[in-house]
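Enquirer: So that we are looking at the same thing, I have put the structure below in structure tokens.
The numbers here are math on the coordinates, done by the rules we state, and not lab data. Small disclaimer: the values here were computed from a predicted structure and weren't measured. Here Cβ is always computed from backbone atoms with ideal geometry, including for glycine, and neighbour counts include all displayed protein chains.
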Amino acid sequence: MSEQGLTSYPVDAVNRVKRRHDRGHYDHATVHALLDTAALCHVAYVVDGLPYCTPTLYWREGQTLYWHGSSASRMLRNQSEGQAACLTVTHLDSLVLARCGFNHSADYRSVMAFGHARLIEDQTEKERALVMMVDRFFPDRTATLRPSTTQEIKATAVVAMNIEKASAKIRSKGLADDDEDYAFPTYAERIPVRTVIGAPEQCDRLLPGVTRPATLAGFSAGRLLEHALTEAYAMSYRTG
């Protein structure tokens with residue numbers, strides 16, 4: 001296998017960036033970094049000839065993506081036998097106001113990951129996945145929690161999807177008007193957009209002596225959410 005094959009996802013008509021292909025990235029490092037800095041994804045699939053797209057929390061282990069939901073959900077009931085699916089993530093970085101409508105835009109970082117989703121049936125694998133569903137965001141937290149009941153585990157379904165193909169698309173150009181338009185008397189600007197963590201709000205029914213664990217230090221007021229999630233991922237999977 002070539003070095004390209006080891007470090008990048010294969011590219012074909014499915015995942016190749018069609019418009020502005022210069023913004024496309026297929027290497028594992030870029031794709032995985034964008035996946036690990038987000039918490040919410042959208043999963044698209046087709047059931048009985050109709051398209052559906054579902055938002056859900058997700059996490060990554062190597063080249064496998066996981067997400068969860070109610071065992072009664074239509075999405076999960078139809079992904080037990082290798083349902084083709086596309087999972088997408090988008091980071092909005094700015095809004096761009098140009099001097100013409102055509103050049104109005106946004107800076108963003110996005111990923112599309114393709115594969116065949118399967119419902120995790122093995123009980124041991126499912127229980128381990130449910131631990132990481134929490135610990136991927138909040139390292140080592142599950143060990144401090146009240147154990148899940150058999151009914152709670154039964155009511156929660158977990159889906160795994162090996163990433164067969166993926167592409168990232170990044171726009172970081174900012175404001176870019178046509179040269180002749182810079183003489184047009186219209187206000188233009190780039191509006192940065194960030195998801196910032198607010199001040200934690202403790203439960204007012206905490207028992208005496210219960211304090212905030214050190215593993216949550218990264219989730220502090222004023223920090224970017226994507227930085228906190230990246231740190232949490234590294235702690236949970238002991239990377240970097």
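Enquirer: I'd like to compare 108-115, 58-65: which one has the highest average count of other Cβ atoms within 10 Å, and what's the full order after that?
Expert: By packing density, highest mean first, the sequence is 108-115, 58-65.
Enquirer: Would you mind putting 202-213, 181-192, 152-163 in packing order, based on average other-beta-carbon counts within 10 Å, highest first?
Expert: Top to bottom by mean Cβ count within 10 Å: 152-163, 181-192, 202-213.
Enquirer: Quickly estimate the mean residue ellipticity at 222 nm for the chain, helices only: each DSSP H run with n ≥ 4 gives -39500 (n - 2.57), and the total goes over all residues, rounded to 500.
Expert: Helix-only estimate at 222 nm: -5500 deg cm²/dmol.
Enquirer: So, counting K/R as plus one and D/E as minus one, what does the shell of residues with Cβ under 12 Å around K165 add up to?
Expert: -1
Enquirer: While we're on this one: Please compute the alpha carbon radius of gyration of the stretch 102-145, then divide it by the globular-protein estimate 2.2 N^0.38 Å. Two decimals is fine.
Expert: For the stretch 102-145, the normalised Cα radius of gyration comes out at 1.91.
Enquirer: Measure nothing fancy, just the Cα-based angle from helix 123-135's long axis to the longest principal axis of the chain, in degrees from 0 to 90, nearest 10.
Expert: So the inclination is approximately 60 degrees.
Enquirer: Further question: Can you tell me the order of 33-42, 46-55, 119-128 when each peptide is scored by its average per-residue count of other Cβ atoms within 10 angstrom, highest first?
Expert: Top to bottom by mean Cβ count within 10 Å: 33-42, 119-128, 46-55.
Enquirer: List the extent of the Cα atoms of the stretch 122-240 along each of their three principal axes, largest first, rounded to whole Å.
Expert: If we take the Cα atoms of the stretch 122-240, the spans are 67, 44, 30 Å.
Enquirer: Please work out how much length the chain gains when fully extended from D179 to T88, using 0.36 nm per residue of separation minus the C-alpha to C-alpha distance, in nm with one decimal.
Expert: 29.3 nm
Enquirer: Counting every Cα pair in the stretch 3-194, what percent are over 26 Å apart?
Expert: Considering the stretch 3-194, 44 percent of its Cα-Cα pairs are separated by more than 26 Å.
Enquirer: I would also like to ask the following. Give the Debye-formula value of log10 I(q)/I(0) at each listed q (0.12, 0.21 Å⁻¹), with one equal scatterer per alpha carbon of the stretch 132-192, two decimals each.
Expert: Results for the stretch 132-192 at q = 0.12, 0.21 Å⁻¹ read -0.66, -1.01.
Enquirer: So, one more: For T195 and H21, calculate 0.36 nm times their separation in residues minus their Cα-Cα distance, and state this gained length in nm to one decimal.
Expert: Extra length from T195 to H21 when fully extended: 59.9 nm.
Enquirer: So how many Lys-Lys pairs in the chain land under 20 Å Cα to Cα, not counting same-chain pairs under 8 apart?
Expert: So the count of such lysine pairs works out to 4.
Enquirer: For the stretch 189-240, what is the convex hull volume of its Cα atoms per residue in Å³?
Expert: Taking the convex hull of the Cα positions in the stretch 189-240, it is 101 Å³ per residue.
Enquirer: Additional query: If I stretch the segment between L216 and L97 completely, what's the gain in nm (0.36 nm per residue apart, minus their alpha carbon distance), one decimal?
Expert: Full extension from L216 to L97 adds 39.1 nm.
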